[in-house]
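Right, one structure below, let's go through it.
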Amino acid sequence: LVPNVISYSAAMLACEKCEQWQQALRLLVAIQTADLLPDVISYSAAIGACEKGRQRQHAFRLMAVMQTAWIWWLTPSSMATEIPATTACETAKST
């Protein structure tokens, strides 16, 4: 069984639920190392894991990468990323 973007993203979503932001970021790197392209779900899971782990700077950097790579705009699922991103921004404002 060869991992693909879907299986990596599923693992990252599990990391998000368990607040394992470091592992989620490692998986995001692993996607790229495997010559796969992370999609909006991959980034959303990583951003959500960072937000839940109170690593907002990492979440903001990932949002910037998405915008630079046009991942944010090229998918109808962009709402999946806007929710954790908005939460990260709102939390940062209140601290």
Cβ-Cβ under 7 Å, sequence separation 6+ or interchain: first residue in the range 26-42 and farther than 11 Å from MET12 by Cβ, partner small (Gly, Ala, Ser). Which pairs?
VAL40/SER77; VAL40/SER78; VAL40/ALA80
Which condition number does ARG26 fail, the rest of (1) open to solvent by 50 Å² or more (accessible area, probe 1.4 Å); (2) more than 21 Å from ALA69 (Cα to Cα); (3) at pLDDT 95 or above being met?
(2)
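Rundown of residues vs (1) farther than 11 Å from VAL5 by Cβ; (2) at pLDDT below 90; (3) loosely packed, with under 15 Cβ neighbours inside 10 Å; (4) in contact with a Lys or Arg (Cβ under 8 Å, 6 or more places away or on another chain), yes/no style:
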site: GLN32; (1), (2), (3), (4): no, no, yes, no
site: ALA46; (1), (2), (3), (4): yes, no, no, no
site: GLY53; (1), (2), (3), (4): yes, no, no, no
site: GLN57; (1), (2), (3), (4): yes, no, yes, no
Among the numbered conditions (1) under 20 Å from ARG61 (Cβ atoms); (2) among the hydrophobic types (A, V, I, L, M, F, W, C); (3) part of a helix (DSSP H, G or I), tell me where LEU37 comes up short.
(3)
Looking at the range 1-37, which of its residues are of a type in the set (A, V, I, L, M) and touching a Ser or Thr at 6+ places or on another chain (Cβ under 7 Å)?
VAL5, MET12, LEU28, ILE31
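The values are calculated or read from the model by the stated rules, or taken from the named source; none is laboratory data. As the structure is a computational prediction, the values presented were derived from the model and not from experiment. As a convention, Cβ positions derive from the backbone with ideal geometry for all residues, glycine included, and neighbour counts pool all protein chains shown. When the accessible area is computed, the model is the full protein with side chains, heavy atoms only, and any ligands, DNA or RNA have been set aside. Shrake-Rupley method; radii C 1.70, N 1.55, O 1.52, S 1.80 Å.
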